[in-house]
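A.B. asks: My questions will all concern the structure given below.
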Amino acid sequence: MESNVDMTETAKGRAAWSGRWAFVLAGAASAVGLGNLWRFPYLAAKYGGGTFLITYLILVFTFGISLVLLETALGRKTQQSTIGAFRSFGKKYGFIGFFCSLIPFIITPYYCVIGGWVTKYMAGYVVEGPDALADGGAFFSNFITSQEESFLWMFIFMAIVFIIVSLGVEGGIERVNLVMMPALIIMAVAIAIFTMTMPGALDGAAYYLVPDFSAVSPELFIGALGQMFFSLSIAMGIMVTYGSYLDKKSSLTKSVAQIGTFDFGVSFIAGMVIVPAAFVTLGSGEAVASNSGPSLMFITLPQVFDDMGGAAAPVGFAFFLLVLFAALTSAISLTETLVSIVMDGAHWNRKRSCVAVFIFLAVVGMFINMGYNALSFIEPLGEGSSLLDLADFISNYVMMPLAALMTCLFVGYVIKPKTLIDEIAISSPFKLRKAWTVMIKYIAPVLIVLILIFFIAQQFGLFAV
Ligand code: PHE
């Protein structure tokens, strides 16, 4: 990730952030993406709105930022990216870093598939017009069931990512993002306010905001946990690398809290747009819960835009353009990660690694696309599920919790929390060190194990929830 935003080379030749804000912005740019805008709202809609929101909020500000802190401190202390960071405490620990490094190989291909959907919708507002997109889902299903079309748009999205990565203009993109991100937030708030004027929307807002504790289930917990990893870009080593570029003067605690707040804020606003909109369209919380999945954003939002009359086309276009930007910065950070893993692992040069990663993404992405058409008979997680759901499930619900578990056990019991507490305390007083230690040593591992056990038991029907 050497070519990232505002990097300068240090005396030792290692890339470094130009300052604390560059680090916070890069962390936020990698965090804020489709996870916030596409994934969070449909999970909130699916798992009882307010109940999911509260669970997620608590998880992000306890467990989530503790792990971001752990990863960035580990990177800064060792001055290495993932695999090297774990290895520097003993060769045999390298496998934890290796395991974390596998996760972006599963996420990036399907991230590009959704990136393609976003690109298609943005273009759709110009080419097909807002009415065509707001037809209750037929447009969406025609699109994803057409193998050529869905592949073509994924390819366009990937091409943009690779052009940016190979030209090394991420710095420029990040700067554009400084304008685009606030624009996205302002626009999302405006659309949320517009949505509130639609009949029935206030009930939808209540569904989103008011917790209903009868909706609590192991599935909800693991959903919130997986979302937290995905959205904060943790448990896959990326924040370790980012931390390794940070100087010793910059406060880790402050930066981490800022990244977490920003990331949660964007998810919250996105949910505030999409969940009430789905409620208006579908009429009840139960209907929202049972109908939400990856397509939610692409079916409900066009209907909201369509109600805006003459403003529909420009608003729809601008909205998906902004989402595209958020998706691009995250996709770039994911792709850079893959390229650097291949460079280190295979000892290939950058160009060759880029080509290999591109081919990998195109092939795997094509299979995931085919999960909605030629291969739609494969329903890996039960009726109606797709290969994309499977990739999402394996990475977020299985591998990331395991990666986080190993990381916590490693820090808690092998290198000991003090090692990282000392690192964190170099740049700022670490008042919550006791709470953090308890989190890493006890709460987080126990929580992950419990959630996984309950979840697996539930999958196998060992008890009914
Ligand atoms: N956090 C990003 C999102 O929510 C996804 C991502 C994960 C990006 C890991 C970079 C690294 O969309």
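Here's the yes/no breakdown for (1) among the aliphatic types (A, V, I, L, M); (2) crowded, with 24+ Cβ neighbours inside 10 Å; (3) out of contact with any strand residue (DSSP E or B) (no Cβ under 9 Å at 6 or more places or on another chain):
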{"residue": "G84", "(1), (2), (3)": "no, no, yes"}
{"residue": "Y93", "(1), (2), (3)": "no, no, yes"}
{"residue": "F99", "(1), (2), (3)": "no, no, yes"}
{"residue": "L102", "(1), (2), (3)": "yes, no, yes"}
{"residue": "I106", "(1), (2), (3)": "yes, no, yes"}
{"residue": "P109", "(1), (2), (3)": "no, yes, yes"}
{"residue": "K120", "(1), (2), (3)": "no, yes, yes"}
{"residue": "G129", "(1), (2), (3)": "no, no, yes"}
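A.B. asks: Another question, if that's okay. For the range 232-258: of the residues being under 15 Å from the mean Cα position of the chain (by Cα) and in a helix (DSSP H, G or I), which is farthest from the ligand (Cβ to nearest atom)?
C.D. replies: For the range 232-258, the residue satisfying everything is M239.
A.B. asks: Out of all the residues in the range 148-175, which are under 29 Å from A277 (Cα atoms) and either modelled with pLDDT under 85 or polar (S, T, N, Q) (or both)?
C.D. replies: S150
A.B. asks: Of all residues in the range 300-337, how many are in a helix (DSSP H, G or I) and more than 10 Å from the ligand (Cβ to nearest atom)?
C.D. replies: Matching residues across the range 300-337 total 25.
A.B. asks: Mind checking whether some residue in the range 259-281 is within 19 Å of A22 (Cα to Cα) and assigned to a loop (DSSP other than H, G, I, E, B)?
C.D. replies: Taking every residue of the range 259-281 in turn, none turns out to be within 19 Å of A22 (Cα to Cα) and assigned to a loop (DSSP other than H, G, I, E, B).
A.B. asks: Additional query: Only one of (1) surrounded by fewer than 20 Cβ atoms within 10 Å (Cβ to Cβ); (2) farther than 28 Å from V398 by Cβ fails for V216. Which number is that?
C.D. replies: Unmet condition: (2).
A.B. asks: Just to confirm my filter: which helices (runs of 4 or more DSSP H) fall fully inside the range 42-139 and include at least 1 residues that are within 16 Å of the ligand (Cβ to nearest atom)?
C.D. replies: Qualifying helices (runs of 4 or more DSSP H): 50-59, 65-78, 82-87, 94-127.
A.B. asks: Output the residues belonging to the range 374-400 that are at negative phi, in a loop (DSSP other than H, G, I, E, B) and not polar (S, T, N, Q).
C.D. replies: Within the range 374-400, A374, L375, F377, I378, E379, P380, L381, E383 qualify.
A.B. asks: So, in the range 429-462, exactly how many residues are at pLDDT 95 or above, buried (at least 17 other Cβ atoms within 10 Å of the Cβ) and among the aromatic types (F, W, Y)?
C.D. replies: 1
A.B. asks: In a helix (DSSP H, G or I) and over 30 Å from A73 (Cβ atoms): which single residue out of F194, F229, F221 fits that description?
C.D. replies: None of the other options fit; the residue is F194.
A.B. asks: Filter the range 343-361 down to the residues that are among the β-branched types (V, I, T) and either more than 16 Å from the ligand (Cβ to nearest atom) or not in a helix (DSSP H, G or I) (or both) and list them by number.
C.D. replies: V355, I359
A.B. asks: Enumerate the pairs (first residue in the range 25-51 and more than 25 Å from S250 (Cα to Cα) and in contact (Cβ under 8 Å) with a residue 40 or more places away in the chain; second residue anywhere and surrounded by fewer than 24 Cβ atoms within 10 Å (Cβ to Cβ) and acidic (D, E)) with beta-carbon separation below 6 Å, excluding pairs fewer than 6 apart on the same chain, so at least 6 apart or on different chains.
C.D. replies: G48/D212; T51/D212
A.B. asks: Restricting the search to the range 247-280, which residues are within 30 Å of A134 (Cβ to Cβ), in contact with a Ser or Thr (Cβ under 8 Å, 6 or more places away or on another chain) and not aliphatic (A, V, I, L, M)?
C.D. replies: Within the range 247-280, D263, S267, P276 qualify.
The values are calculated or read from the model by the stated rules, or taken from the named source; none is laboratory data. Keep in mind it's a predicted model, so treat the numbers as computed, not measured. In this analysis, Cβ positions are derived from the backbone assuming ideal geometry, glycine residues included, and neighbour counts consider all displayed protein chains.
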